[in-house]
Amino acid sequence: MDNLTNTKYWNLLSTIGISLIVFILFQITQLIVVSIIIENDVIQGFQTAWGMLVSGNSYLTENQIQDVAYGNLGLISGISSILGMIFIILFIRVKSSPVFNYLHVNWPTSKTVILFLAISIVFMFLSELISYWYHNYMLNHLYNQK
């Protein structure tokens, strides 16, 4: 354990390993959340997800998974992202380093915030303008995919 905290940052292989662990955790969390939503029961959802992970067989149809995934994308991504961030923070804490220092997170200057907000507002305005001008095209070609 002493060797883990001697260096300031993780080496390349440790970083790749941690990334792989976080990715797998992210995927498993998404599977569990989808299973819970489909089963409409937490315990049954965990059992379904566990059965799918252990056996490799899908107890859910592809249409069920797609419908739930598209309809609850924010919830699924939000929960998975929060757990992924917690896991990353735990790995940073193993290094006995403050999270903000380790990730080099600094507060932006007021000028940077104002510039970012101005650019965001311009892009939002342009996207609304484009969707207004090409409303029929978007309605017929982008949203009507049957």
(message) Residue pairs, Cβ under 7 Å, 6 or more apart or interchain, first in region 12-26 and under 18 Å from Tyr102 (Cα atoms) and outside the structural domain of Ala49 (by TED's automatic domain parsing), second surrounded by 13 or more Cβ atoms within 10 Å (Cβ to Cβ) and at pLDDT below 90. List them.
(response) none
(request) Answer with yes or no whether Asn3 is at pLDDT below 80, loosely packed, with under 13 Cβ neighbours inside 10 Å and under 23 Å from the mean Cα position of the chain (by Cα). (result) no
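State whether one or more residues within region 42-51 are more than 13 Å from the chain's Cα centre (by Cα) and loosely packed, with under 11 Cβ neighbours inside 10 Å.
Within region 42-51 (the criterion being more than 13 Å from the chain's Cα centre (by Cα) and loosely packed, with under 11 Cβ neighbours inside 10 Å), the answer is yes, since at least one residue qualifies.
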(message) Considering only region 68-81, I want to know if a residue exists there that is touching a Leu at 6+ places or on another chain (Cβ under 9 Å) and closer than 29 Å to Tyr9 by Cβ.
(response) yes
(request) Could you look through region 61-116, keep only residues that are among the small types (Gly, Ala, Ser) and either free of Cβ contacts under 8 Å to residues at least 60 places away in the same chain or not assigned by TED's automatic domain parsing to the domain that holds Thr29 (or both), and pick out the one that is farthest from Leu20 (Cα to Cα)? (result) Ser110
(message) Please determine whether any residue of region 40-59 is of a type in the set (Ser, Thr, Tyr), at pLDDT below 75 and outside any helix (DSSP H, G or I).
(response) yes
(message) Taking the conditions exactly as written (in a helix (DSSP H, G or I), hydroxyl-bearing (Ser, Thr, Tyr), surrounded by 12 or more Cβ atoms within 10 Å (Cβ to Cβ) and modelled with pLDDT of 80 or more), does Thr15 satisfy them or not?
(response) yes
(request) Spot the failing condition for Ser80; the list is (1) hydroxyl-bearing (Ser, Thr, Tyr); (2) closer than 15 Å to Phe26 by Cβ; (3) not in a helix (DSSP H, G or I), and only one is missed. (result) (3)
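The values are calculated or read from the model by the stated rules, or taken from the named source; none is laboratory data. All values derive from a computational prediction rather than experimental measurement. Positions of Cβ are generated from backbone atoms using ideal geometry, with glycine treated the same way; all protein chains shown enter the neighbour counts.
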